[in-house]
1. Explain nothing, just compute: Karplus ³J(HN,Hα) = 6.51 cos²θ - 1.76 cosθ + 1.60, θ = phi - 60°, for every residue of the range 158-169 in order, whole Hz, x for Gly and Pro.
2. Testing the spin-label approximation: label points 7 Å from Cα along Cα→Cβ at Ala91 and Glu18. State their distance in nm.
3. When the helices in the chain are scored as -39500 (n - 2.57) per DSSP H run of 4 or longer and the sum is shared across all residues, what 222 nm value do you end up with, to the nearest 500 deg cm²/dmol?
4. For a quick check: with amide H placed at 1.01 Å from N, whose amide H comes under 5 Å from Gly58's, ignoring anything fewer than 5 positions away on the same chain?
5. Mean-square fluctuation check for the chain, GNM, Cα pairs under 10 Å: which of Gly67, Gly137, Gly97 is largest?
6. Before anything else, pin down the relative contact order of the chain: Cα pairs under 8 Å, at least 6 apart, normalised by residue count, whole percent.
7. Within the chain, what is the longest stretch that has no trypsin sites (Lys or Arg not before Pro) placed in a DSSP loop and near at most 15 other beta-carbon atoms within 10 Å?
8. At 7 Å along Cα-to-Cβ for each site, give me the label-to-label distance between Lys126 and Ala204 in nm.
Amino acid sequence: MVTERKPLKRVLLKLSGEALKGKHAFGVDYEYVGHLADEILELTTTTNAELGIVIGGGNYIRGGQQGDIDRAVGDYMGMLGTMINSMALQAVFEAKGMQTRVVSALEIKEIAESYIRRRAIRHLEKKRIVIFACGTGNPFFTTDTAAALRGAEIGAEAILKGTNVDGVYSDDPRKNPDAKLYHTITFSEALERHLKVMDATALALCRENNTPIIVFNMNKPGNIRKAIEGQIIGTYVGGE
Ligand code: GTP
């Protein structure tokens, strides 16, 4: 059994928008974001890690669940939700002294710079935390796919996917107490067994680019650091 992996230098952290609402029914729980920022500040000051972040928008809006509204319109509305979340992260992170850049897949130039791959990489090299807003900029794609895409583009060594449970299970652990936690699975197994790691497009993209995904519990402080240091946490989704 693997007991340790090599430490990671450049990672793409995928956060769920849903998590950002913390104890609120809707919007952003700044206490939660404050704790998250403390954790990231600690790890950026004590490790050499370069961090990109993709945040979802589920605390505001989910594209596919907007009644009779066209899916494409709903998805664009969701992308704007991710921009609100990105701005909230940036404001809280910078208040704690971190250097950040929000880069947007949609052109909203009064608010954020537009995404240019080489520029985003330069920001990372300068140890700025790069927050990728507005998903992929295209409807019919999820923010998980945005994480897989940006991860591949910036050469991330892994996608760190924060969730509310300890990793990937054989069944929903909140409904089935016998659900088994996988420590390691392959991309193909995750796809074939329809395990809810990420959607199929995101998984296929990670498989194609051989970008491992580490799925872990975001509610346990220190987990992001552990993943970056190569400690074994959650589920490692990797090559065959
Ligand atoms: P370096 O060139 O590496 O020094 O990066 P930099 O990001 O500091 O340079 P720049 O002078 O381009 O950016 C300064 C600030 O302006 C940063 O906070 C950027 O995020 C922001 N910025 C850059 N381009 C845009 C834009 O098109 N729109 C908005 N709203 N902000 C931008």
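1. Karplus values, whole Hz, x for Gly and Pro: 6, 9, 9, 9, x, 9, 8, 10, 6, x, 9, 10.
2. The two pseudo-label positions are separated by 2.5 nm.
3. -11500 deg cm²/dmol
4. Gly17, Glu18
5. Gly67
6. Averaging sequence separation for qualifying contacts and normalising by length gives 23 percent for the chain.
7. With trypsin sites (Lys or Arg not before Pro) excluded where exposed in loops, the chain gives 24-95 as its longest stretch.
8. Using points 7 Å along Cα→Cβ, the separation is 3.7 nm.
Read the figures in this text as sums done on the coordinates, not as results from a lab. Quick caveat: nothing in here was measured; it's all calculated off a predicted structure. Counting neighbours? That spans all protein chains shown, and the Cβs are built from the backbone with ideal geometry, glycine included.
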